[in-house]
Each structure stands twice: as C-alpha cells, then as structure tokens.
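Down below is the structure, laid out as structure tokens.
Please treat every number below as a calculation from the coordinates, not as lab data. Computed from a predicted structure; not experimentally measured. All Cβ positions, even for glycine, are placed from backbone atoms using ideal geometry, and neighbour counts span all protein chains on display.
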Amino acid sequence: NGTSNRILFVDDNKINLLITKKIIENLSLECDTVDNGREAIQKVSTQKYSLILMDLNMPDIDGYETTQTIKKLHPFIPIVAHTALSHDEVGAKCSEVGIYDILTKPMQKQELKRILKTLSIIEN
C-alpha cells in the first residue's frame, strides 16, 4: 500500500506509551508516541501515518478536539480512540468527530490486530 506502516500513539500516560509502543513494534510496525494533542497535530503535519491511536482523556486539548483538528488537515487518516470508558459512554461523540473505532484500555493486542487487519495495515 502507499502509506507508511507507521502508527502515531497519543496518550498522556508514560507507561501506556511504553507498553503500547512495544505491542505495535512487535507487530513489525513503526510507532511514534506523543503525550499531548498539540504534539500529535504537529506530528501529522510532518509525518505520514497509517493510523492514529488517540487517548480521549488528556489535559489541555482532549482526544476529541485533537481528532477534529487532525481530520480537517488529513481527513483520510483513520483515528482509533483508546479509552478507559465504555463504547456506550463515548460511541456517539466518537462518531461525531470522525473516530473510526474504539479500543478500551488496557490495550489488547488481539483487538489492535483486528483493527489493523480491517484497515489493511497488517495482513495476518
């Protein structure tokens, strides 16, 4: 495919960043991490991503607002919410801002793989 197999992971929790980066790299994908929405917006202006994993609950600009800003600049990058909240609690608002899917915390490798396959980022 034409996109890089690079994923941007946005989370204000340093431990989540480390663990999830390892999971993604174990799937033979490259992973950049940032700990806030502003940095995420800057990253997408300089680097191509095949997927963005977005924490919804961050200080300063939350994941919803970050997603809306990124979608204006790059409408085709799939953004997946990464949240401790249930689908019922965040589903409607996620759809509204253009979030593709929701992964609940803690990150499950199988769930991430399912999304990556659906988006043709990985094959198996």
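What the table below lists for this structure:
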item	result
Span from the segment 14-58 Cα centroid across to the segment 75-124 one, whole angstrom	13
Ordering of 94-105, 67-78 by burial proxy (mean other Cβ atoms within 10 Å per residue, highest first)	94-105, 67-78
Alpha carbon convex hull of the chain, volume per residue in cubic angstrom	94
Computed [θ] at 222 nm, deg cm²/dmol, the chain (DSSP H ≥ 4; -39,500 (n - 2.57); rounded to nearest 500)	-13500 deg cm²/dmol
Ranked by how many other beta carbons lie within 10 Å on average, peptides 6-12, 20-26 from highest	6-12, 20-26
Table column - 3J(HN,Hα) (Hz), segment 38-47, Karplus curve with 6.51, -1.76, 1.60, x for Gly and Pro	4, 5, 4, 4, 5, 4, 5, 7, 10, 9
Under-5 Å amide H pairs with Phe9, H placed in peptide plane, nonlocal only	Asp32, Thr33, Val34, Leu53
